[in-house]
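I have placed the structure first, in the form of structure tokens, so that the comments after it can refer back to it.
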Number of protein chains: 2
Amino acid sequence: MSTAVAAVPDAALDAFAAALGDDAVLTSDTALREYRDPFSFASWDDYTAAAVVTPTEVEQVQDVVRIANEHRVPLWTLSQGRNNGYGGPAPRVKGSVIVSLRELNRVLEINEELAYAVVEPGVRWFDLYDAIQAGGHRLMPSIADVGWGSVIGNTLDHGLTYLPQAQDQAAWCGMEVVLPNGELMRTGMGALPGSKAWHVYKRGLGPTPDPLFMQSNFGIVTKMGYWLQPYPEVYMPCWLRVWNDDALPQVVDTLRGLMLDNTIRNVPQIVNIVLVAAVVSRRDQWWDGDGPIPDEVLDKIARELEFGRWMMRFALHEDEAVADLKFERIKRAFERIDGAEVWGTKCAPEDAAALENPHERVQAGVPSLDLNEMAAWDGGQSGGHVGFSPVAPMTGADAGALRELLRGKVEGAGLDYMAALIATNPRCFVHITLIIFDTENEAKVRAAYDVAKQLVRECAQRGYGEYRAHLDFMDLAAEQYSFGDHAYRRFNETIKDALDPNGILAPGRHGIWPKGMRERQNGA
Amino acid sequence: MSTAVAAVPDAALDAFAAALGDDAVLTSDTALREYRDPFSFASWDDYTAAAVVTPTEVEQVQDVVRIANEHRVPLWTLSQGRNNGYGGPAPRVKGSVIVSLRELNRVLEINEELAYAVVEPGVRWFDLYDAIQAGGHRLMPSIADVGWGSVIGNTLDHGLTYLPQAQDQAAWCGMEVVLPNGELMRTGMGALPGSKAWHVYKRGLGPTPDPLFMQSNFGIVTKMGYWLQPYPEVYMPCWLRVWNDDALPQVVDTLRGLMLDNTIRNVPQIVNIVLVAAVVSRRDQWWDGDGPIPDEVLDKIARELEFGRWMMRFALHEDEAVADLKFERIKRAFERIDGAEVWGTKCAPEDAAALENPHERVQAGVPSLDLNEMAAWDGGQSGGHVGFSPVAPMTGADAGALRELLRGKVEGAGLDYMAALIATNPRCFVHITLIIFDTENEAKVRAAYDVAKQLVRECAQRGYGEYRAHLDFMDLAAEQYSFGDHAYRRFNETIKDALDPNGILAPGRHGIWPKGMRERQNGA
């Protein structure tokens, strides 16, 4: 399956150019280079596109889909294609035509009273933030760590963001979708012409299709509502620091209680010293030996940067009096852990953009590229990573078990263990593991991919499944979800074949293959 | 379509009996009477079943589905069938075989640490509450107003409940489903054998199918996770009362602000005097004239019962100090409205079961049948109602416009306007309109159905769609969701035909008909 290759007939390229204009069909090597996995080893070309088309209107997206059906051309859609660590903009099937929605990029509405925006797929965190500021709205978007990503693209990949309205990845509301047959559908209340509730109520009458368009290949989302947070009286970014690597389970157990009782209601991130150090320094400043950075050096980094072995970032968005009460409760709860410290600083929401620390800006919805620095940890400009990200219940026992397994395997492969446990809701966390390498060092790149694939199986055997999978092991990851002799896969395939009989839309995305390309195999 | 009739061959009934046992196949008139719409006029028989089967194990549900496929028998599933006001247990297609899941009724797990339960479809609010109490768990379920309903059944119908974890109807997590072909599928992380995160993370890898099984006929849900609320330090049921019918818009605008900033985080209910009076009195105590109760009598009821023209019930589940701050803020905000009063009483969560007022028990997850009294407003034991329930953005302007329209039409039909605006999330409310009648008065029954159908069209024209529809006008309600020349309906039909080629599962539910039974028609 990983060697699936498509060939795009010239007639199809001509038809795309006729519908979209010559400038909207890119086939040059230079143009295509930008749409490769940014972190793959340079000579690998499994996941490369034959062409890129760039529609600017919804009708053009419908045209592209109709032409693809006519010529049986596999498409691969991206909104911005910034899901670096999972393959970026690259297509699963070599020779696909990428449908880049980067130029379908209007912020269509910002409703201050009801606190939502409506965006097209090319709208980045930067663009949404700018539009809110330009309109003078006292609203905060929930954003990802790096500002260049797409609001819609991130949502469709189950990506994580950090403001309260995005707990449980639930900030989306109401979509418009181009179906594989070229029809335009609106979901939820949007199916009612002239609906007033499209972007305030997630359902309509009948089943809710929206989550079916996430991590799938059943349609191209062209509009989406996104809930915003009205400015609170105070914004208070906070930190927890622990000096002992083994304090992680206690941190997680304490956090669960504070989230279940709504004391902390944003999406906290618990990061280890390697990850937090990578934002402000480079690996070779600390260690030039073989293999992973040893424990005593990690302790030294923790001390010198004053980050501790684990830090947790979180934030309060509250009335000032409530923030004060909550902060005291949080401090009391965490400081029962030996050596733990909690601190935070209140600021007016309108001043959040001036905060020096990018982590503190992110939790107020202020985007930047500063946190992308972590990608340069090993190798600088040529630094890269693969994401391996299992989900676990929010218990200290699960956090401890996963840390043991992941750290052991990653370090066993000679690489550093870079971890962020993200509490997407009060009951679970996603353990983002950035397996990092210098992309110019093929041995390290291979070791990283190999250990990631090994972890897919090992974690699944222990009951921890991936929340999102890299292009190169999407099939392997999906293969683990095998209950009932793969009933879920067959269910997806049944829907895929019914909606997209020609199999033109994003074949292979998250393990879903159309009829014509299916061959059973045991993972990658 | 409304006259669709099925005939069940004896061979099918024999096969059901062979698989489930003779006692599990009911065909007597006495048995079937219990499965009719409880509020329909006695002589109407459009929605009556030919038989009822009562599986007690998941495997038996699979058997039923396989037999139905073999004999092309339309099934109609119910968990408890208590969605009175929308048709109760009655099937859409006359002559269907009801699959009653009332005896598949185990509480399979209660996880106190992670605050969730796993239930089978027959588990009622009563059963879940009892299981939590029996286990000594300090947890509250989010429940509906009347305790006899099913946790799963209510969730699958997009039903509303009132605790914080159920805002946006989001307390479900992880399902097991018997598909129309008899296969058993687990959703989300449950598709991973031995998954630890099935009931703590709503997604898996790939698209999330769960919402596809709500208000649809794509599968039979046999297990579901349901999030619970750990006991807060204090539970504080609260009330708002306004004396002027026209204060509604101000109430709604104020509430929106208090929900968007997380001050109120449960699901408040704004009810008019008729609805709140119906719980404690009967219509004929107040009025025996023709037509709807006049305004001056409504004012009199409001004064005598001390309920005001509108009351809002809501509750705080907080640390005591936070509850005190929030209560003061809420009181300050609402008491800007002329004549408005706010009050509340703190209680220990373990004492909530002893509260006298059933509204105050419900918001702590303590079920009863007390609130079902409202059904007896007109006609006592023979009292009934039809639910008409559009969704609107949470603005005073929308609340005012809907009240005008609905009150005008319902009273114009000679009936009382009984209203509950339920704020399912900070951005919208569902305007539950109980159109009430004495079921023994055929003229009133007909008037109620007629005005409900008229309202479906009138509200849709103004951009307000129904969140749930009565059996008798499901088609009409679904017909309104017509964007893109009914793209959403075709999408559902495509999935229906792919998953259920024989069209055996709940044909017609929420307007989705299988291929063999489709005929286009404009509404009812």
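Numbers below:
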{"quantity": "One residue from B:419, B:401 being small (Gly, Ala, Ser) and away from chain A (no Cβ under 14 Å)", "calculated": "B:419"}
{"quantity": "Sole residue being in contact with a helix residue (DSSP H, G or I) (Cβ under 9 Å, 6 or more places away or on another chain), at pLDDT below 95 and either over 25 Å from residue B:372 (Cα atoms) or among the small types (Gly, Ala, Ser) (or both), chosen from B:452, B:469, B:423, B:448", "calculated": "B:448"}
{"quantity": "Tally of residues being touching a helix residue (DSSP H, G or I) at 6+ places or on another chain (Cβ under 6 Å) and more than 29 Å from residue A:330 (Cα to Cα) across the range B:311-352", "calculated": "6"}
{"quantity": "Filtered residues of the range A:220-262 (kept if among the acidic types (Asp, Glu) and under 28 Å from residue B:316 (Cα atoms))", "calculated": "A:233, A:253, A:261"}
{"quantity": "Only one of B:485, B:475 that is closer than 22 Å to residue B:87 by Cβ, modelled with pLDDT of 95 or more, within 13 Å of another protein chain (Cβ to nearest Cβ) and surrounded by fewer than 23 Cβ atoms within 10 Å (Cβ to Cβ)", "calculated": "B:475"}
{"quantity": "Some residue of the range B:326-344 being within 22 Å of the chain's Cα centre (by Cα) and open to solvent by less than 10 Å² (accessible area, probe 1.4 Å)", "calculated": "no"}
{"quantity": "Subset tally (residues that are closer than 28 Å to residue B:506 by Cβ and open to solvent by less than 10 Å² (accessible area, probe 1.4 Å)) for the range B:103-148", "calculated": "14"}
{"quantity": "One residue from B:370, B:378 being charged (D, E, K, R) and crowded, with 19+ Cβ neighbours inside 10 Å", "calculated": "B:378"}
{"quantity": "Filtered residue count, the range B:96-151, keeping only those that are within 30 Å of residue B:8 (Cβ to Cβ) and either within 14 Å of chain A (Cβ to nearest Cβ) or among the small types (Gly, Ala, Ser) (or both)", "calculated": "5"}
{"quantity": "Check on residue A:232, part of a loop (DSSP other than H, G, I, E, B) and either modelled with pLDDT under 95 or in contact with a His (Cβ under 6 Å, 6 or more places away or on another chain) (or both)", "calculated": "yes"}
{"quantity": "Residue within the range A:342-362 that is in a strand (DSSP E or B), farther than 30 Å from residue A:440 by Cβ and within 14 Å of another protein chain (Cβ to nearest Cβ) present", "calculated": "no"}
{"quantity": "Residue match in the range B:451-465 (condition: more than 8 Å from every other protein chain (Cβ to nearest Cβ) and among the small types (Gly, Ala, Ser))", "calculated": "yes"}
{"quantity": "Which numbered condition residue A:56 fails, given (1) within 16 Å of residue A:96 (Cβ to Cβ); (2) in a loop (DSSP other than H, G, I, E, B); (3) not small (Gly, Ala, Ser)", "calculated": "(1)"}
{"quantity": "Test: residue in the range B:277-288 that is part of a loop (DSSP other than H, G, I, E, B), surrounded by fewer than 22 Cβ atoms within 10 Å (Cβ to Cβ) and in contact with a His (Cβ under 8 Å, 6 or more places away or on another chain)", "calculated": "no"}
{"quantity": "Which numbered condition residue A:232 misses (of (1) touching a residue at least 60 places away in the same chain (Cβ under 8 Å); (2) facing chain B (nearest Cβ under 7 Å); (3) under 18 Å from residue B:395 (Cβ atoms))", "calculated": "(3)"}
{"quantity": "Lone qualifier among A:457, A:468, A:490 - being of a type in the set (D, E, K, R) and either assigned to a loop (DSSP other than H, G, I, E, B) or in contact with a Ser or Thr (Cβ under 7 Å, 6 or more places away or on another chain) (or both)", "calculated": "A:468"}
{"quantity": "Condition met for residue A:264 (more than 20 Å from the chain's Cα centre (by Cα), part of a loop (DSSP other than H, G, I, E, B), closer than 19 Å to residue A:360 by Cβ and at pLDDT 95 or above)", "calculated": "yes"}
{"quantity": "Hits in the range B:261-284 - residues which are more than 22 Å from residue B:402 (Cα to Cα) and within 14 Å of chain A (Cβ to nearest Cβ)", "calculated": "B:261, B:262, B:263, B:264, B:265, B:266"}
{"quantity": "Conditions (1) buried (at least 22 other Cβ atoms within 10 Å of the Cβ); (2) under 16 Å from residue A:37 (Cβ atoms); (3) more than 14 Å from chain B (Cβ to nearest Cβ); (4) not hydroxyl-bearing (Ser, Thr, Tyr); number of the one not met by residue A:438", "calculated": "(1)"}
{"quantity": "Check on residue A:336, within 19 Å of residue A:252 (Cβ to Cβ) and at pLDDT 95 or above", "calculated": "yes"}
{"quantity": "Set A:119, A:107, A:93: member being aliphatic (A, V, I, L, M), without any contact (Cβ under 8 Å) to a residue 60 or more places away in the chain and over 26 Å from residue A:426 (Cβ atoms)", "calculated": "A:107"}
{"quantity": "The range A:237-255, residues that are touching a Gly at 6+ places or on another chain (Cβ under 9 Å) and either within 7 Å of another protein chain (Cβ to nearest Cβ) or open to solvent by 10 Å² or more (accessible area, probe 1.4 Å) (or both)", "calculated": "A:239, A:241, A:243, A:244, A:246, A:249, A:250, A:253, A:254"}
{"quantity": "The range B:494-524, subset more than 10 Å from chain A (Cβ to nearest Cβ) and in a helix (DSSP H, G or I), residue least open to solvent (accessible area, probe 1.4 Å)", "calculated": "B:517"}
{"quantity": "Number of the exception - residue B:420 against (1) more than 25 Å from the chain's Cα centre (by Cα); (2) touching a residue at least 12 places away in the same chain (Cβ under 8 Å)", "calculated": "(1)"}
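Here's the yes/no breakdown for (1) more than 16 Å from residue B:68 (Cα to Cα); (2) in contact with a helix residue (DSSP H, G or I) (Cβ under 7 Å, 6 or more places away or on another chain); (3) open to solvent by 30 Å² or more (accessible area, probe 1.4 Å):
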site	(1), (2), (3)
B:9	no, yes, yes
B:22	yes, no, yes
B:32	yes, no, no
B:42	yes, no, yes
B:45	yes, no, yes
B:52	no, yes, no
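The values are calculated or read from the model by the stated rules, or taken from the named source; none is laboratory data. Keep in mind that this is a model prediction, so the values were computed, not measured. With ideal geometry, Cβ positions are generated from the backbone for all residues, glycine too; neighbour counts draw on all protein chains shown. The area values use the complete protein model at the heavy-atom level, side chains included, leaving out ligands, DNA and RNA. Shrake-Rupley method; radii C 1.70, N 1.55, O 1.52, S 1.80 Å.
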